[in-house]
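Novice: First, the structure itself, so that you have it in front of you.
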Amino acid sequence: MAQSEQPKQPKKSSHPDNLIPLPEIPELPALSEPPPLLPDIEPDPELETQVTIIKRGEDTIEEHRVNGELLMIKVIPRIGPPYYLKKNTSREYHTHPGEAGIDVSPPMWQLLKF
């Protein structure tokens, strides 16, 4: 018997010795009145997003407009993931109004969705 028997040591806890338990959560008092209801607010139809779907060959293009202004285009190609073209809102003034692509941010792909 080449193995020597070592005395067993008590397992050391990974928690510190000075922990104090949390107090119990107290019960909430009963409400005398029900909470007030939210007011009925009519949605403004001008602020609703209007989506126009265009088929070009096997690709689909969705134009998203608010109050008639084009804000975003979603391109759904036949092959590959969809990508988005959004209006570049960081540019406050336009020095060259005729320059192509000045109001469009670079194409964006969705990496994660929750």
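Novice: Being acidic (Asp, Glu) and open to solvent by 100 Å² or more (accessible area, probe 1.4 Å): is that true of residue 63 here?
Specialist: Against the criterion (acidic (Asp, Glu) and open to solvent by 100 Å² or more (accessible area, probe 1.4 Å)), residue 63 does not qualify.
Novice: Test residue 16 against the criterion of being within 30 Å of residue 112 (Cβ to Cβ) and not hydrophobic (A, V, I, L, M, F, W, C), and give yes or no.
Specialist: no
Novice: Here's a follow-up. Tell me the strands (runs of 3 or more DSSP E) entirely within segment 23-100 that contain at least 2 residues that are of a type in the set (A, V, I, L, M) and modelled with pLDDT of 85 or more.
Specialist: Here the list reads 49-56, 59-66, 69-76.
Novice: Of the residues that sit in segment 32-46 and are open to solvent by 100 Å² or more (accessible area, probe 1.4 Å) and acidic (Asp, Glu), which one is farthest from residue 68 (Cα to Cα)?
Specialist: For segment 32-46, the residue satisfying everything is 33.
The values are calculated or read from the model by the stated rules, or taken from the named source; none is laboratory data. As the structure is a computational prediction, the values presented were derived from the model and not from experiment. Neighbour counts run over all protein chains shown; Cβ positions are idealised from the backbone, glycine included. Keep in mind that these areas ignore ligands, DNA and RNA; they rest on the heavy atoms of the full protein, side chains included. Shrake-Rupley method; radii C 1.70, N 1.55, O 1.52, S 1.80 Å.
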